[in-house]
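Heads up, the thing below is written out as structure tokens.
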Amino acid sequence: MNLLDFANSIEGYLLVSSILFVLGVFAVLTRKNAIGILLGIELILNAAGINFVAFSKFHSAAMDGQMVALFIILIAAAEAAVALAIILRFYRLKQTIDADEASLLRN
Amino acid sequence: METGYISAFWFIVIAAVTVPLMLGVGALLRPKSIPTKKGTQAYECGEDPIGSAWVKFNIRFYVVAIIFIIFDVEVAAVLPAATLYKDAVLNGNGAWVFAELFLFIALLVLGLIYCWVRGDLEWVKGVTKFAPKK
Amino acid sequence: MANNSALFAQTLTDWTQGTFLAPVPLWVWAMVSALVVIYLLALPFGGIATYIERKIAADMQDRIGPNRVGPLGLFQFAADAVKMLSKEDYVPPAGDKFLFNIAPVLVVVGSCAGFVALPLGQYLVAGDVNIGVFYILAVTTLIAPGILLGSWASENKWSLLGGLRSAAQIVSYEIPVALSILPVILISGSLQVGEIVKQQGWNPDLPIAANAHFWNVVHNPFTVFAFFILFVGGLAETNRIPFDLPEAESELVSGFNTEFSGMRFGLYALGEFVDVFVMCAMLAALYLGGWQLPFLELDKFWITLPSGLIALIHVGVFLVKTLLLVFVVMWLRWTLPRLRVDQLMGLCWKGMVPLALFNVLGTAIWVWAFKGQSMIQVAMGLFSGGGSSH
Amino acid sequence: MSNGIKLILLLAEILTVGSALVVAVNPNILYSAVFLLFSFLGVAVMFLFAGADFLAATQVVVYVGGVTILILFAIMLTQWMYRLKLRDVGSKFIVPAVVLALGLVPMLHRGLTDLARMVKAAPPEKMSEFAASPKTMEIGKALLGSHVLPFEAITILLLGALVGAVWLARPKS
């Protein structure tokens, strides 16, 4: 199987999705910056979306996977809005967005 | 995938290539530039800039963007149902799609009213009206 | 694959069947169509528009305007291009070089890619993709990050302020724009621009029931408002007066492109004019019937016209409608004062968004009540006494 | 599908992965955000090739036009940039993270491909037919029919998110 066919097969899609997921986890673990952690989470959500869309085409040829991927996109937007609002609130409180500073459960 | 997207691909590639192409043609044509002290400063009408331009800005922009993203997502989500509406009406079962559209509009209006009433749509924040002391 | 025949590339493939060009594959024709549309329509439009804008400005202020280069100053834009190409290429040393270089690419790609789904004629569309309108909305969103990143990379206070204003303005006005496209989708039941245009014909010889409804702008009372909201939203999305706060010269020098000089500035300006064209063309296609001649259907004409001539007439009609809208955009520039930033946001969120939502609801009720017929169809049905045509 | 078109997909996948790599490792948070934009675009192209045209446009509209702008605003509005220079390096998790990343990719990919083999694949002709058909109306039917409950739940969730996010972002007097 050559590279072009691999790219257009479910294995290719799954490989991209796995790498994206792992890079997302990596970013979440290594970033100190709260926005950096959010970037990692966005990567993870995209990886999940690719997964659903790939299975939707290659394994059922039906809409179910795409529906879930659509829901992921919709929820990801809500998540980004709330997460960034939290970051803003945290910044007002501490004048920093270093996630390590967020260990206290009170002001 | 439709054939139309092949055109889209070429449009994007050619538009992207146009930018370095034009800059490259310019590089061949123009005389060599001699940087001066004033010329390499950030332009502030001839004054020497004080401090970096990368400073923190007001959060109003941010609140607008938060409201925007939720509305954007809702509009994107209602498009598929909207394409079905005409056929559904002509086939006599438009009520279900209409209910969906109505719910969507009602939710957007609710969100808008909340932001409006709580003053999040005001650009000028924190300015209280002058109230004379008793 | 539906509507293959509507593709520019497919048309070229069909035309060249039996000639020596027959073995040329489809993707080459797709590339040719992209080259033709971008280099012979989009970019020249951006250049000539600067000349026309100055000429209109001069006429409105009782001046002569550019009149030195060529007859009537017609080659002014060529002189401008040479000037821009030969100017110093300035990259702010304190700024961010990578982002400074990538920002114009995003702006130009975002505006040029919108052309793909615009039907210049019935069979002259680069790619009449199924998600048409949504595709245009999607690719034009690339412009806002482009402007924001370019302004940040300049390391200039004017730039950053202008870029932030611009991004906030573009994203805010995207909501009324998207909501004003929704009535058209409710009426047409399709996102495909070619299909939407096709439904806007009107032939007086046909009975009402067999006719397509007329232009969407007069489909029902609500679409008239939706048309105006889309137009005003388009002005704001393209940073045109009265919404040109991001580059307000009296307060922000030149806004987000203060540090862009020479051809870099030229590309920004070009991208902006192309974006104006895409906006106006979208408006013409969605609400003003695109390539449809009013009250005529050329293929049902009393003599059969050659298909090439029909295609040319279609392109001409579409361009006339679009350029008229572009003219109005330029006209407004010398008519209206600039809004203040709080008025700008107030107009969007407190004025246009509620009105656009109301239009969507009103159109939905109209389509339901009159079974998708337009005002004209309903009125003619009443006068002829025939009642509903269904 | 011809080889040229498959090449576009391959390039999009490389763009996705390469940009994601920059997102994960670049110390400059602003560059991470910019490359996240390119990663989103690559994913949109992958969606397009998998027959999800509407989803691809939604991806661009929501992520590129919405989330990226929001993140860029957040970076530009919360950082004292001239002091921090946007550096974001060093964390006590860096060694376990590298080990985890190197180990996790083959594991995940192996597991997912095994899963893909276990599930019965769609016949090739059905697959290509599915990839070529327009999806907007299909999605509309599913949203109004089989998936109506999650869809309504998500619309209400979005309203809640709007109220919550705006409440959080509001300055307290």
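The values are calculated or read from the model by the stated rules, or taken from the named source; none is laboratory data. Just so it is clear, the structure is predicted and the values come from calculations on it, not from any experiment. Note that each Cβ is placed from the backbone with ideal geometry, even for glycine, and that neighbours are counted across all protein chains shown.
What the table below lists for this structure:
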| read-out | value |
| --- | --- |
| Helices (runs of 4 or more DSSP H) (entirely within region A:1-65) containing at least 1 residues that are hydroxyl-bearing (Ser, Thr, Tyr) and at the interface with chain D (Cβ under 7 Å from one of its Cβ atoms) | A:10-30 |
| Region C:62-113, residues that are small (Gly, Ala, Ser) and closer than 19 Å to B:Met22 by Cβ | C:Ala78, C:Ala79, C:Ala81, C:Ser86, C:Ala103, C:Gly110, C:Ser111, C:Ala113 |
| C:Leu286 under 30 Å from B:Gly94 (Cα atoms), within 14 Å of another protein chain (Cβ to nearest Cβ) and under 14 Å from the mean Cα position of the chain (by Cα) | yes |
| Subset of region B:61-88 [over 23 Å from the mean Cα position of the chain (by Cα) and hydroxyl-bearing (Ser, Thr, Tyr)] | B:Thr83, B:Tyr85 |
| Among the candidates D:Gly111, D:Gly164, residue that is more than 7 Å from chain B (Cβ to nearest Cβ) and exposed (fewer than 14 other Cβ atoms within 10 Å of the Cβ) | D:Gly111 |
| Flag if C:Glu249 is modelled with pLDDT of 85 or more and surrounded by fewer than 24 Cβ atoms within 10 Å (Cβ to Cβ) | no |
| Looking only at region D:118-137, and only at residues there that are surrounded by 12 or more Cβ atoms within 10 Å (Cβ to Cβ) and more than 7 Å from every other protein chain (Cβ to nearest Cβ), the one that is farthest from B:Ala82 (Cα to Cα) | D:Ser128 |
| Per-region count, region C:197-223, residues out of contact with any Asp or Glu (no Cβ under 8 Å at 6 or more places or on another chain) and under 17 Å from C:Ala285 (Cβ atoms) | 14 |
| Unique match (being part of a helix (DSSP H, G or I) and in contact (Cβ under 8 Å) with a residue 40 or more places away in the chain) among D:Ala131, D:Ala165, D:Ala97 | D:Ala131 |
| Answer from A:Ala47, A:Ala7, A:Ala54 - the residue that is more than 15 Å from the chain's Cα centre (by Cα), surrounded by 23 or more Cβ atoms within 10 Å (Cβ to Cβ) and under 18 Å from A:Gln66 (Cα atoms) | A:Ala54 |
| Evaluation of C:Phe45 against (1) more than 27 Å from the chain's Cα centre (by Cα); (2) in a helix (DSSP H, G or I); (3) not aliphatic (A, V, I, L, M) (one fails), failing number | (1) |
| Filter result for the condition that a residue is under 23 Å from the mean Cα position of the chain (by Cα) and at positive phi, over C:Asn239, C:Asn216, C:Asn257 | C:Asn239 |
| Checking C:Gln122 against (1) out of contact with any Ser or Thr (no Cβ under 8 Å at 6 or more places or on another chain); (2) polar (S, T, N, Q); (3) at pLDDT 85 or above, the condition it does not meet | (3) |
